[in-house]
Structure formats: C-alpha cells, structure tokens
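Input: a single structure, listed below in structure tokens.
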Amino acid sequence: MLAEQVAKSLDLQLLQWHIKSTTRAQQGLYEYDAVSRLRDSQLGDERVHDIGNYILKGKLWEAFEADTPTVLLIDEIDKADIEFPNDLLLELDKMEFHVYETRQTVQAKQRPIVIITSNNEKELPDAFLRRCFFHYISFPDAQTMTEIVQVHFPDIESRLVKQALEIFFKVRDVPGLKKKPSTSELIDWLKLLLADNIPLDILRDADSDKAIPPLYGALLKNEQDVHMLERLAFMNRRQRK
C-alpha cells in the first residue's frame, strides 16, 4: 500500500481511516457521546461534570495532536456520501477545527501527510480535487503481480504462478467484461487452486481462449461476464475444429 510505503520510508506513524458508506466527516474530527453522558447522569457518575469525558477523538484529531508528523490515510473516500469531501475542506485546508461542546480549537502541531484513495466509484467535487495532488496507480504488470503473489504465497511453485498469471491477464483482456478481475480476485483464485491441489496440466489446458478456467467463480463475479467467457471459449473451440 502506498501510504504504508510512505510512512515506512519517512519513518513516520501511519494512521488509517477506512471510509464506509455510512461514514460521516464529523467522525474524523470527533464524536460527542451524549447517550453515555445521559446514562452516567442517571447513575450519579461524577464524570458527567466534565463533558470532555464524552468526546471521542477521530483520526484527524489524532493526527493533529501528534507531536511528530504522521501519515494519515483516508481510504476509499468515494464510498461515502457525495458531500463528505466538501465537509472536510476547511479542516484540511486550515489544519484546525473547533470543538463546540468544549469550546476549544484543535490545531495541528505538525502538518500530517494526508493520503486519500479513491476507486472512482463516484466523482469527487472540483473544490476538493483542486486541493489534491493527483496520482493514478495503473494496474500491476505481470512482473509486479508476480512479486505481489510471492508476498502472499512465498512457497508457491513458479510454474503455477506463471501459468495462472497468463490465464488471469487473458481473462482481463476479454473485451466487454463488466467487472475485470483484480488483484484480490487473483489472490483468492490462487488460494483455491492451492487448496484443491489443481494440477498444472489442468491450468495449461484451461487457456481462456479455449475453455473456462477452473474455479472461475473466484475470478468472475458477474453472471454476464461468465456467459461472455463461455461463449468466446465455445466459439474458439468450434473454429479450431
């Protein structure tokens, strides 16, 4: 992961904020736990007299209050609501935010390196993008993918990896696929091939130009794509007869 590499190369702490469809920008700053405070007040807990006891710090707050610079990863920002990026504009621009419940302003002691990832599932606002340095990460080539596989499966046979990658990239090159298999699908597929002890000969005979790869359900996650690959394999077999 890029953020991990940046943090490691600079010897900095990495903070990760993984975004979901339900994530709100406010959660990156802080959250006020009013329910817990109400419960404690009913129980006569002395903690209720200090509202700060019910302020939950978010990842941005953690990055701002760190004594040394940090790397903050905001992962898959496009999963959140369309207004999510705009709601963070001011805080990321000024490197500070206000806590209304405690009437304090949190300012960054050290400006963090903020890395934001997106799978381009939805367009990000122009005002937000203007404040970003854009970097597109292209899909790994065969050599890079081999290195990725070796990290996950250090003892895997090189001939199996070579044959599996040939099939994998041929499947990705099939025109019109609704969802091309990605790195995660390849790793899952190899895991299944190893678990089922699929012989190398079967992979050699499973050229995607001639037949559907074994355990293809790990590679193709769409019925339309499966039917398309089946049709192409059928047509190629007929042409070779």
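Considering only residues that are over 30 Å from D11 (Cβ atoms) and within 21 Å of the chain's Cα centre (by Cα), look in region 88-128 and name the one that is surrounded by the most Cβ atoms within 10 Å (Cβ to Cβ). Here the residue is L124. Among the strands (runs of 3 or more DSSP E) confined wholly to region 35-110, which include 3 or more residues that are in contact with a Pro (Cβ under 9 Å, 6 or more places away or on another chain) and modelled with pLDDT of 90 or more? Hits in region 35-110: 70-75.
Close Cβ contacts (under 8 Å, 6 or more residues apart or on different chains) running from residues in region 1-29 that are within 11 Å of F84 (Cα to Cα) and in contact (Cβ under 8 Å) with a residue 40 or more places away in the chain to residues that are outside any loop (DSSP other than H, G, I, E, B) and among the aliphatic types (A, V, I, L, M) comprise I19/I74; I19/I77; G28/L60; G28/I74.
Screening T22 on (1) open to solvent by less than 70 Å² (accessible area, probe 1.4 Å); (2) outside any helix (DSSP H, G or I) shows it passes everything except condition (1).
Scanning region 28-84 for residues that are within 28 Å of L124 (Cα to Cα), among the acidic types (D, E) and open to solvent by less than 50 Å² (accessible area, probe 1.4 Å) yields a count of 3. Within region 155-207, the set of residues being open to solvent by 90 Å² or more (accessible area, probe 1.4 Å), in contact (Cβ under 8 Å) with a residue 24 or more places away in the chain and not in a helix (DSSP H, G or I) comprises just one member, K178.
The values are calculated or read from the model by the stated rules, or taken from the named source; none is laboratory data. A quick note: this is a predicted structure, and the numbers were derived from the prediction, not measured. Cβ sites come from the backbone with ideal geometry, for glycine too, and all protein chains shown count toward neighbours. Calculation scope for accessible area: heavy atoms of the full protein, side chains included, ligands and nucleic acids excluded. Shrake-Rupley method; radii C 1.70, N 1.55, O 1.52, S 1.80 Å.
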